[in-house]
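The values are calculated or read from the model by the stated rules, or taken from the named source; none is laboratory data. The shown structure was predicted, so the numbers you read here are calculated from the model rather than taken from an experiment. Cβ: placed from backbone, ideal geometry, glycine included. Neighbour counts: every protein chain shown.
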Amino acid sequence: MSADEPFISLQNVRKVYRSKGAEFLAVSDVTMDVQEGELVSLVGPSGCGKTTVLKILAGLHDADGGTIKIGNSKTPFDPARDIGMVFQQALLLKWRTILDNVLLPAEIVGLPMKAARARARDLLNLVGLAGYEDKYPQQLSGGMQQRTAIARAFIHDPKLILMDEPFGALDALTREQMNLEMLRIWRESGKTILFVTHSIQEAVFLASHCAVLTAGPARMAEYFPIELPFPRALPIKTTDEFGAYARRIYASLGLSPSA
Ligand SMILES: Nc1ncnc2c1ncn2[C@@H]1O[C@H](COP(=O)(O)OP(=O)(O)OP(=O)(O)O)[C@@H](O)[C@H]1O
């Protein structure tokens with residue numbers, strides 16, 4: 001194996017939805033290689049096929065063309081247990097405590113519960129929710145519920161975390177706070193994360209690499225590293241380097257005349 005054998009490799013992925021005899025081309029051509037431990041943002045206009053790409057990676061949809069490979073000889077991948085997902089809504093079970101919500105994937109995968117409970121407490125601490133273990137979802141704010149969902153995605157120690165616009169429902173300040181926490185959690189966990197967002201600022205601020213998808217059917221417009229230093233703090237958003245990356249994305253999306 002070569003030292004940089006990718007963890008995820010998508011080559012010319014294509015997806016057609018079919019219903020009642022009609023066909024809809026949702027993704028026309030997506031190609032990218034992701035190394036283990038990267039945090040990749042997928043940015044593109046509404047309806048361009050970002051969620052479809054995540055669903056193909058999650059094994060929820062089959063692709064109609066191209067190849068998808070996850071895992072490599074160093075890090076094998078089992079789709080049944082190596083994926084954690086975070087959606088726009090936290091989707092917590094309101095009759096379970098915060099701790100028990102976080103434990104749900106551990107129960108599904110069949111992990112030893114004593115160790116899982118200790119890990120759930122550690123993860124709640126990591127996302128800033130120590131002390132809330134015995135509360136119920138409706139007793140927490142939207143941002144706290146979303147942090148619970150993030151802890152839940154990590155509980156079974158998956159190798160790949162897929163996040164679909166996880167902070168889209170939060171107010172702007174909570175979203176910025178969550179961005180900072182997300183960076184911290186990513187750096188502490190070392191996980192490979194793919195992150196869908198509509199926000200160009202978020203796509204630049206969070207990512208080690210950025211995939212820009214064109215208006216649907218999704219085609220890869222660009223895939224490039226974001227070479228801003230880590231750790232990142234909010235003032236980096238005012239720098240020329242940050243602005244140059246944002247302009248590059250706007251230009252790829254056809255939203256500005258020049259990069
Ligand atoms: N099950 C389905 N059957 C038919 N068409 C679908 C299905 N799921 C999605 N689509 C269509 O495929 C296209 C891509 O959808 P997708 O949800 O992947 O886009 P998206 O970029 O994630 O959008 P958004 O940013 O608004 O969430 C859209 O036009 C959508 O209407």
Looking across the stretch 171-218 at residues that are out of contact with any Cys (no Cβ under 8 Å at 6 or more places or on another chain) and small (Gly, Ala, Ser), the single one that is farthest from the ligand (Cβ to nearest atom) is Gly190
Going through the stretch 210-259 in order, the residues found to be hydroxyl-bearing (Ser, Thr, Tyr) and free of Cβ contacts under 8 Å to residues at least 12 places away in the same chain are Thr238, Thr239, Ser256, Ser258
Those residues of the stretch 4-54 which are of a type in the set (D, E, K, R), surrounded by fewer than 18 Cβ atoms within 10 Å (Cβ to Cβ) and over 22 Å from Ile249 (Cα atoms) amount to Asp4, Glu5, Arg18, Lys20, Glu23
Of the listed residues (Met220, Met163, Met182), the one being in a helix (DSSP H, G or I) and not aromatic (Phe, Trp, Tyr) is Met182
Flagged in the stretch 197-217 as hydroxyl-bearing (Ser, Thr, Tyr) and under 16 Å from Pro45 (Cα atoms), in numbering order, are Thr197, Ser199, Thr214
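A quick yes/no check of all residues on (1) in contact with a strand residue (DSSP E or B) (Cβ under 6 Å, 6 or more places away or on another chain); (2) of a type in the set (Lys, Arg):
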residue: Ala115; (1), (2): no, no
residue: Ala120; (1), (2): no, no
residue: Asn125; (1), (2): no, no
residue: Ala130; (1), (2): no, no
residue: Asp134; (1), (2): no, no
residue: Ser141; (1), (2): no, no
residue: Met144; (1), (2): no, no
residue: Arg147; (1), (2): no, yes
residue: Ile150; (1), (2): yes, no
When every residue in the stretch 34-56 that is farther than 14 Å from Met220 by Cβ and either part of a strand (DSSP E or B) or among the hydrophobic types (A, V, I, L, M, F, W, C) (or both) is compared, the one farthest from the ligand (Cβ to nearest atom) is Leu39
> Given the structure, is Lys20 farther than 21 Å from His198 by Cβ, among the basic types (Lys, Arg) and touching a strand residue (DSSP E or B) at 6+ places or on another chain (Cβ under 6 Å)?
Replying inline: no
Pairing a residue in the stretch 194-209 that is part of a helix (DSSP H, G or I) with any residue that is within 12 Å of the ligand (Cβ to nearest atom), where Cβ atoms lie under 6 Å and the two sit 6 or more apart in sequence or on different chains, gives Ala203/Val43; Ala203/Thr197
Next item on the list: Would you confirm whether any residue within the stretch 228-241 is within 12 Å of the chain's Cα centre (by Cα) and either crowded, with 22+ Cβ neighbours inside 10 Å or modelled with pLDDT of 95 or more (or both)?
Entry: no
Among residues of the stretch 141-160 being in a helix (DSSP H, G or I) and of a type outside the set (A, V, I, L, M, F, W, C), the residue surrounded by the fewest Cβ atoms within 10 Å (Cβ to Cβ) is Gly142
| query | Restricting attention to the stretch 59-71, does a residue exist that is under 15 Å from Pro166 (Cα atoms), of a type outside the set (D, E, K, R) and within 16 Å of the ligand (Cβ to nearest atom)? | reply | no
